[in-house]
Amino acid sequence: MNDNRASSDAAVSTQAEVSEEIRQITKAYERDGVEETQPRLDYPPYRSSVLRHPTKDLHHADPEGIELWAPVFGHQDVDPLEADLTLQHRGEPVGERMIVTGRVLDGDGRPVRHQLVEIWQANAGGRYIHKRDQHPAAIDPNFTGVGRCLTDADGNYSFTTIKPGPYPWKNHRNAWRPAHIHFSLFGTEFTQRMITQMYFPGDPLFALDPIYQAITDQRARDRLVATYDHDVTQHEWCTGYRWDIVLTGTHRTPLEEEDHA
Ligand SMILES: [Fe+2]
């Protein structure tokens, strides 16, 4: 870290300060004993959430009006190759090749079929392709980090990709996001659109990350963490992770606002 960056960051909180805020909120949550299953919209350690969260009640939208604007996908619109993020360029991307697969289920455990699942992610060095990402790690010319697929008749989705790296962001000084993949699902109605993040088991950054910690309940947080699955891992080819997504009900996968890091 050079001196310029250090001095311009002088007013920014340290990780120790943010971690202490996280600890106090966790203590209060445990004391209250009221289960929360979704991220808090107003979570001060996650600095920009304070400016962005709604302060008024949500308006009911007219679903029929919205659906007029909703995209309509058929099988012919999604090429099966779009589910393999390692094949989008001439060469092989750098990093740990892996399969991420799972099922999309409704609140009663029924498969959600022919569902559009979209993902976006950083490359192995923790760098996104878009310009807003100024993290000084290399762009991989063989990796864009965007894919999509439709679930099959049993609600299964599957992507082949590269394990993303952790990356720094500007929430506080020395802030790092745990490795994650962003997921978007349209649900069975447009008003059910869900955006969330999938994490990897045992990430050492979990305790330090205000976005992950904004989900105050450990069981709800656990629902965002994939499981390593050796039956998904392929001999001399790639590792495998499994992650199921529940769209509705009490075991619903925690979702988030759209503009997350
Ligand atoms: Fe991200």
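Here, each number is a calculation from the coordinates, and none is a lab measurement. Since this is a predicted model, take the numbers as computed values, not measurements. Neighbour counts are summed over all protein chains in view; Cβ atoms, including those assigned to glycine, are modelled from backbone coordinates with ideal geometry.
If only residues of region 220-251 that are under 30 Å from Lys170 (Cβ atoms) and of a type outside the set (A, V, I, L, M, F, W, C) are counted, the one that is surrounded by the fewest Cβ atoms within 10 Å (Cβ to Cβ) is Asp222. Within region 82-98, the residues that satisfy the criterion of being in contact with a Phe, Trp or Tyr (Cβ under 7 Å, 6 or more places away or on another chain) and over 20 Å from Ala137 (Cα atoms) are Ala83, Met98. Taking the stated definitions as given, is Asp209 under 24 Å from Met98 (Cβ atoms), free of Cβ contacts under 8 Å to residues at least 12 places away in the same chain and either among the charged types (D, E, K, R) or touching a Leu at 6+ places or on another chain (Cβ under 7 Å) (or both)? No: the conditions fail for Asp209.
The number of residues in region 159-170 being under 24 Å from Trp243 (Cβ atoms) and out of contact with any Asp or Glu (no Cβ under 9 Å at 6 or more places or on another chain) comes to 3.
Just one of the listed residues (Arg252, Arg223) is of a type in the set (D, E, K, R) and touching a residue at least 40 places away in the same chain (Cβ under 8 Å), namely Arg252. Within region 117-168, the set of residues being within 11 Å of the ligand (Cβ to nearest atom) and hydroxyl-bearing (Ser, Thr, Tyr) comprises Tyr128, Tyr167.
Mind telling me which of the residues His135, His114 ends up being part of a loop (DSSP other than H, G, I, E, B), under 30 Å from Glu17 (Cα atoms) and more than 18 Å from the chain's Cα centre (by Cα)? Spell out the reasoning first.
Working: His114 fails: under 30 Å from Glu17 (Cα atoms).
Every option except His135 fails the conditions.
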